[in-house]
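Working notes for the structure below.
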Amino acid sequence: MIKIRVFIAIEIPEAIKDYLIKVQKVIRENSGGGNFIAKENIHLTLRFIGETKDCELNKLKKALDRVALNQEDFEIHLEKLGLFSRGNKGIIWVGVHKSHMLEKLHSDLELALEEEGYSKEGRSFVPHITLGRQIRLTKEFEKIKEEVRIDNRAMLVDKISLMKSTRVNNILRYIPVYTKEFD
């Protein structure tokens, strides 16, 4: 029985990833290090699942299928730079505007996962795209926010993906295991 680490996400278009890497560069220049997310791994997590037996992937796929049946394509827009503080380190992220469609997608996903035997997540959903973890800033975050004004860029959400977290040649990679387009 093989265990894999999985999560459900919205994959980010290349043009938005390119823009976010430019934002990340400014953060790098104002930090004393940390774990910055590689361009190919940039995504928006809808739900972290964690260690899962490979035989359970079909239950997760069924949940994605159920959610996609009643979901229409929609846009989300980048909004602001954010920080989840962890002592003298933090998680730096870019948030998206509140969206009824994104909230519905998340809520429908939680219900579908619950029907497949997964407990609801205990924390509230804060949609964001992580740029780095354990970042040690060398400048006040508020000053960095002034320097980095996030453009109101739009991206189409027309599918969701079950992703696995794995190491390829000792490099962390997030790889789609199953992707379901909206009907």
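The values are calculated or read from the model by the stated rules, or taken from the named source; none is laboratory data. Keep in mind that what you see is a predicted model, and the values were worked out from it rather than measured. No Cβ is skipped: glycine too gets one built from the backbone with ideal geometry, and neighbour counts run over all protein chains shown. SASA here: full protein model, heavy atoms, side chains in, ligands and nucleic acids out. Shrake-Rupley method; radii C 1.70, N 1.55, O 1.52, S 1.80 Å.
May I ask you to verify whether G33 is more than 18 Å from the chain's Cα centre (by Cα), over 29 Å from L111 (Cα atoms) and open to solvent by 60 Å² or more (accessible area, probe 1.4 Å)? Can you show your working first?
On the way: more than 18 Å from the chain's Cα centre (by Cα): yes; over 29 Å from L111 (Cα atoms): yes; open to solvent by 60 Å² or more (accessible area, probe 1.4 Å): no.
Against the criterion (more than 18 Å from the chain's Cα centre (by Cα), over 29 Å from L111 (Cα atoms) and open to solvent by 60 Å² or more (accessible area, probe 1.4 Å)), G33 does not qualify.
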Condition broken by A9, with the remaining ones in (1) part of a strand (DSSP E or B); (2) surrounded by fewer than 17 Cβ atoms within 10 Å (Cβ to Cβ); (3) touching a residue at least 60 places away in the same chain (Cβ under 8 Å) satisfied: (2)
Qualifying positions in segment 96-112 - surrounded by 15 or more Cβ atoms within 10 Å (Cβ to Cβ) and either out of contact with any strand residue (DSSP E or B) (no Cβ under 8 Å at 6 or more places or on another chain) or touching a residue at least 40 places away in the same chain (Cβ under 8 Å) (or both): V96, L102, K104, L105, H106, D108, L109, E110, A112
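Quick check: anything in segment 92-104 part of a strand (DSSP E or B) and of a type outside the set (A, V, I, L, M)? Outline the logic, then answer.
Filtering segment 92-104 down to residues part of a strand (DSSP E or B) leaves 92-96.
Cutting the leftovers down to of a type outside the set (A, V, I, L, M) gives us 93, 95.
For segment 92-104, residues part of a strand (DSSP E or B) and of a type outside the set (A, V, I, L, M): present.
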Test: residue in segment 12-24 that is in a strand (DSSP E or B) and open to solvent by 40 Å² or more (accessible area, probe 1.4 Å): no
All positions within segment 52-72 that are open to solvent by 10 Å² or more (accessible area, probe 1.4 Å) and either of a type in the set (A, V, I, L, M, F, W, C) or under 23 Å from F125 (Cα atoms) (or both): C55, L57, K59, K61, K62, D65, R66, L69, N70, E72
Pair list, Cβ < 9 Å and 6+ apart or interchain, from segment 41-55 residues that are among the acidic types (D, E) to residues that are not in a strand (DSSP E or B): D54/M1; D54/I2
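Report, by residue number, each residue of segment 41-51 that is in contact with a Lys or Arg (Cβ under 7 Å, 6 or more places away or on another chain) and open to solvent by 20 Å² or more (accessible area, probe 1.4 Å). Can you show your working first?
Here is the first cut: in segment 41-51, the ones in contact with a Lys or Arg (Cβ under 7 Å, 6 or more places away or on another chain) are 41-42, 50-51.
Result: E51, single match.
Sort out for me the strands (runs of 3 or more DSSP E) sitting completely within segment 113-183 that have 1 or more residues that are within 15 Å of A38 (Cβ to Cβ) and without any contact (Cβ under 8 Å) to a residue 24 or more places away in the chain.
Working: elements: 128-135, 154-157, 159-168, 171-181.
Fully inside segment 113-183 and qualifying: 159-168, 171-181.
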Filter pass, E75 being surrounded by 16 or more Cβ atoms within 10 Å (Cβ to Cβ), acidic (D, E) and in contact with a strand residue (DSSP E or B) (Cβ under 9 Å, 6 or more places away or on another chain): no
The lone exception for L83 - which of (1) open to solvent by less than 30 Å² (accessible area, probe 1.4 Å); (2) over 17 Å from K17 (Cβ atoms); (3) touching a Gly at 6+ places or on another chain (Cβ under 8 Å) it fails: (1)
Segment 59-86, subset assigned to a helix (DSSP H, G or I) and either among the hydrophobic types (A, V, I, L, M, F, W, C) or closer than 26 Å to L131 by Cα (or both), residue modelled with the lowest pLDDT: L69
